[in-house]
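One structure is given here, and the rest of the page talks about it.
The values are calculated or read from the model by the stated rules, or taken from the named source; none is laboratory data. The structure displayed is predicted, hence computed values, not measured ones. Using ideal geometry, Cβ is built from the backbone for each residue, glycine included, and neighbour counts are taken over all protein chains shown. SASA here: full protein model, heavy atoms, side chains in, ligands and nucleic acids out. Shrake-Rupley method; radii C 1.70, N 1.55, O 1.52, S 1.80 Å.
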Amino acid sequence: LLYGAMYDKDIAPDLAGVIGRFDAVLGSTVALPRSRTTEELQGLFVGWGLEHTEWRDGQLADIPACSVAPDLQQALIFLARHLRPEDRVLVTGSCFTVAEVLYKLGFDRLEKTRGLHEAGPVLARIKD
């Protein structure tokens, strides 16, 4: 799960139970002034009972159960390095998060985003 949200939006209290069911949770700031900061996302995840691993500039051997990247570009580069072609990523938290990810992945038409896409080949479009 790739999660980014705005600081001024309420978060559903039952979201923690849903997010905790994912194999891994990667948070990220969004390129907007209203974005939650990395510290706010870390606090949110810890409050949800997720075991947080420090980012360390993305130099992690594998995808941790929970971490927060400083921005979506670095999050996508990290995912591109670690996901297998059959893996799936749900991008959520804010329509702004989804829009920025789609833009960074090179989707130029909304209809191209419909349906499932293998994460590996799509993330291969991301350049370091």
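Pull up the range 7-18, narrow it to residues that are part of a helix (DSSP H, G or I) and farther than 14 Å from SER94 by Cα, then point me to the one that is least open to solvent (accessible area, probe 1.4 Å). Before the answer, list the steps.
So in the range 7-18, the residues part of a helix (DSSP H, G or I) come out as 15-18.
Add one more test, that the residue is farther than 14 Å from SER94 by Cα, and what stays is 16-18.
Values: ALA16: 23, GLY17: 44, VAL18: 69 Å².
Result: ALA16.
The residue of the range 113-128 that is least open to solvent (accessible area, probe 1.4 Å), among those that are over 30 Å from ASP14 (Cβ atoms) and not in a loop (DSSP other than H, G, I, E, B), is GLY120.
If I filter the range 51-68 for residues that are out of contact with any Phe, Trp or Tyr (no Cβ under 6 Å at 6 or more places or on another chain), open to solvent by 50 Å² or more (accessible area, probe 1.4 Å) and part of a helix (DSSP H, G or I), do I get at least one hit? Taking every residue of the range 51-68 in turn, at least one turns out to be out of contact with any Phe, Trp or Tyr (no Cβ under 6 Å at 6 or more places or on another chain), open to solvent by 50 Å² or more (accessible area, probe 1.4 Å) and part of a helix (DSSP H, G or I).
Looking at LEU76, LEU26, which is the one that is in a strand (DSSP E or B), among the hydrophobic types (A, V, I, L, M, F, W, C) and modelled with pLDDT of 90 or more? Only one candidate passes the filter, namely LEU26.
Pull up the range 22-38, narrow it to residues that are of a type outside the set (A, V, I, L, M, F, W, C) and under 15 Å from the mean Cα position of the chain (by Cα), then point me to the one that is farthest from CYS95 (Cα to Cα). The extreme case among them is ASP23.
When the range 79-112 is filtered for residues that are in contact (Cβ under 8 Å) with a residue 40 or more places away in the chain, open to solvent by 60 Å² or more (accessible area, probe 1.4 Å) and either more than 23 Å from TYR7 (Cα to Cα) or part of a helix (DSSP H, G or I) (or both), only PHE96 remains.
Keeping to the range 39-49, report how many residues are closer than 17 Å to SER94 by Cα and either open to solvent by 50 Å² or more (accessible area, probe 1.4 Å) or polar (S, T, N, Q) (or both).
Residues that pass the stated criteria total 2.
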